Amino acid sequence: MTAVWIALGLVGVLALWSLVTWNRYVEARQYVAQSWSGVDVELRRRYELIPNLVEVVRAHAAHERATLEAVVAARSRAATANGTHDDEQVAAEAQVSSSLGHLMAVAEGYPKLRADRLFVRLQTQLVDTEDRIAAARRLHNANVRRWNELGQTIPSNLFAGPAGWRPDPYIEFDPAITRTVPPTTF
């Protein structure tokens, strides 16, 4: 009789563990989706700023046509990407970041442009948006880390297949830019 109670206890513990593990997968997947949504909102905000910024730069530096076209093209590719957290979207965002960086570098050569109030306001909004994107990206990457750990650690990895688990990539739009330290001059 004791063996039956032990067996029933083990089955109960296993069932409870299975339920808790399954719920952890569901919760982690929801956190990843929610945090990607936060990143996407900030990216859309950046997409809305870019046309205004390009127009202001065009007014002061019309002969920088190739730079302006590169920014517009990168924005279009990123805005029309599928909007999900995948390699295509991340690559498109890296191109936007790179082209914006180049546009800002070009703008440095135009003192009248740097003095333009609209340009300064747009540049401030863009910096604020980039900070918001970075914060949303950090949150998303933390949720991705949790999701990836669930599918790779023992014993929760036993549910990886039934839970539809596959590893998610971290978002790094342009590691070369984020790791470059700008030179300082005194």
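The values are calculated or read from the model by the stated rules, or taken from the named source; none is laboratory data. Computed from a prediction, not measured in an experiment: that's the story for all the values here. Here Cβ is always computed from backbone atoms with ideal geometry, including for glycine, and neighbour counts include all displayed protein chains. Quick note on the areas: whole protein, heavy atoms, side chains included, nothing else; ligands and nucleic acids left out. Shrake-Rupley method; radii C 1.70, N 1.55, O 1.52, S 1.80 Å.
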Once you compute Rg and the Kirkwood Rh from C-alpha atoms, what is the Rg to Rh ratio for the chain? 1.21
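Around residue 163, what is the net charge, scoring Lys/Arg as +1 and Asp/Glu as -1 over all other residues with Cβ under 12 Å from its Cβ? All intermediate terms of the calculation are to be shown ahead of the outcome.
On the way: positive: 24, 29, 166; negative: 27.
Counting the neighbours of residue 163, the net charge comes to +2.
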For the range 96-103, 3J(HN,Hα) per residue [Karplus equation, 6.51 cos²θ - 1.76 cosθ + 1.60, θ = phi - 60°, Hz, x = Gly/Pro]: 4, 4, 5, 5, 5, x, 5, 4
Per the range 23-112, sqrt(5λ) over the Cα gyration tensor eigenvalues, sorted largest first, in Å, gives 33, 11, 10
So the compactness index of the range 22-73, its C-alpha Rg divided by 2.2 N^0.38 Å, takes the value 1.86
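I'd like to check one number: the per residue accessible area of the range 1-130, probe 1.4 Å, reported in Å² as a whole number. List each step's numbers first, then the result.
On the way: 7510 Å² over 130 residues.
I get 58 Å² per residue for this part.
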Tabulate in residue order the Karplus-calculated ³J(HN,Hα) for the range 76-81, using 6.51 cos²θ - 1.76 cosθ + 1.60 with θ = phi - 60°, rounded to whole Hz; enter x for Gly and Pro. 4, 4, 5, 5, 9, 4
Rounded tilt (10° steps) of 2-60 against the dominant C-alpha axis of the chain: 10 degrees
